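The values are calculated or read from the model by the stated rules, or taken from the named source; none is laboratory data. Here the structure is a predicted model, which is why all the values come from computation and not from measurement. We place every Cβ from the backbone using ideal geometry, glycine too, and count neighbours over all the protein chains shown. Protein only, heavy atoms only, side chains kept; ligands, DNA and RNA dropped before computing areas. Shrake-Rupley method; radii C 1.70, N 1.55, O 1.52, S 1.80 Å.
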Amino acid sequence: MVSADHSPATEQLALPRLLALFLVPGALMTVVYIVISPFIETAGFPPIAALLVAVLIVLVPFELGVIVRAGRGQPQRIRSVVPYRRPLPLRDWLWLVPVLIVAEFVGFGLSMAIEPTVIDSLFGWLPDWFVRPIDPDRVGDYSREAWSVTLAAYFVLNGFVGPIVEELYFRGYLLPRMEWMGRWAPLVNVSLFSLYHFWSPWQVLGRILALAPTVYAVRWKENVYLGMVVHCTGNTLGIILVGNLVLGRI
């Protein structure tokens, strides 16, 4: 039975428009990241800070802007264009969230085995700061104050703000508009989402492996909040690991 919120009347988007909506924000973010990185480093901050600025000035306004614009004329602009809001029973939260987080870490873990080879063979021409925006060997190049500000912003923007907006946009808004692809919709969604990360192309396969189970689960349960919880939790755990590494070397 189809839920009242997930109506067959949901607008379906043609492939060219989908490609633009998936890839343009990632391309813009990458351009901003590259352009402002020298200025960020001159100001005494590590390269990851430039990427966080790109999240704030590109990712959030672009992706929220598309959703809000799509909801023009509706009493609730965002809710009206995000059909995946079916309530999820507590028992499903209790087993799905940990399973999907484990799947995410396993996927990224498997990809890390080949990531150095991929970087060396395909992306060795990129500057070190682009490949390693947080370089453990260069932690001491920046002050404790710079790292404190950067890690705090990293926690807020990459742990919560970015993932919530991305899930709302890619899974809440775009995925229901790919139903014309049938059972392939989640795989295409996660693949294009992985490609959207132009600032880390060596992780494309890892992201597909790590996030595909979550994307399928969001579509299966028609609940975008499930993706938000898993995405935020996975990112936050990774940030804690990176933060401890950085703080241990300051």
Exercise. Using a ≥ b ≥ c from the Cα gyration tensor of the stretch 66-123 (square roots of the eigenvalues), is it rounded, prolate or oblate, where a/c under 1.5 gives rounded and otherwise the larger of a/b and b/c decides, a/b for prolate?
Worked result: oblate
Exercise. To the nearest 20 debye, what is the magnitude of the charge dipole of the chain about its Cα centre, counting +1 on the Cβ of each Lys and Arg and -1 on the Cβ of each Asp and Glu?
Worked result: 840
Exercise. With the chain treated as a Gaussian network of Cα nodes joined by springs under 10 Å, which of ARG17, ARG177, ARG144 yields the largest mean-square fluctuation?
Worked result: ARG17
Exercise. So if R0 is 30 Å, what FRET efficiency would LEU19 and ALA152 give, r being the distance between their Cβ atoms, rounded to the nearest 0.05?
Worked result: 0.30
Exercise. Which whole DSSP H helices in the chain pass both tests: a Cα extent of 30 Å or more along the axis and a mean Kyte-Doolittle value no lower than -1.0?
Worked result: 15-42, 90-112, 224-247
Exercise. So, counting K/R as plus one and D/E as minus one, what does the shell of residues with Cβ under 15 Å around PHE130 add up to?
Worked result: -3
For this session: Name the residue, out of ILE164, ILE239, ILE57, whose mean-square fluctuation peaks in a Gaussian network model built on the chain with Cα pairs under 10 Å.
Result: ILE57
For this session: Specify whether the C-alpha gyration tensor of the stretch 20-136 places it in the rounded, prolate or oblate class, a ≥ b ≥ c being the square roots of the eigenvalues: rounded for a/c under 1.5, otherwise prolate if a/b is larger than b/c and oblate if not.
Result: oblate
Problem set entry | C-alpha center-to-center spacing [the stretch 116-190, the stretch 205-250] in angstrom | 10
Problem set entry | Relative contact order (percent, whole number), the chain, Cα cutoff 8 Å, 6+ residue spacing | 33
Exercise. Which of the following values of volume of the Cα convex hull per residue in Å³ was calculated from the structure shown: (1) 230; (2) 139; (3) 117?
Worked result: (2)
For this session: Please identify which residues in the stretch 172-209 have an amide N closer than 13 Å to a label point set 7 Å out from the Cα of PHE123, following the Cα→Cβ vector.
Result: 194-208
For this session: Express the accessible area of the chain per residue in Å², computed with a 1.4 Å probe while the remaining protein chains stay in the model.
Result: 49
Problem set entry | Förster radius 22 Å - calculated FRET efficiency between TRP220 and ILE78, Cβ distance, rounded to 0.05 | 0.50
Exercise. Picking from VAL156, VAL60, VAL218, which is most flexible by a Gaussian network model of the chain using Cα springs under 10 Å?
Worked result: VAL156
For this session: Determine the relative contact order of the stretch 70-206: mean sequence separation of Cα pairs under 8 Å and six or more apart, normalised by residue count, in whole percent.
Result: 37
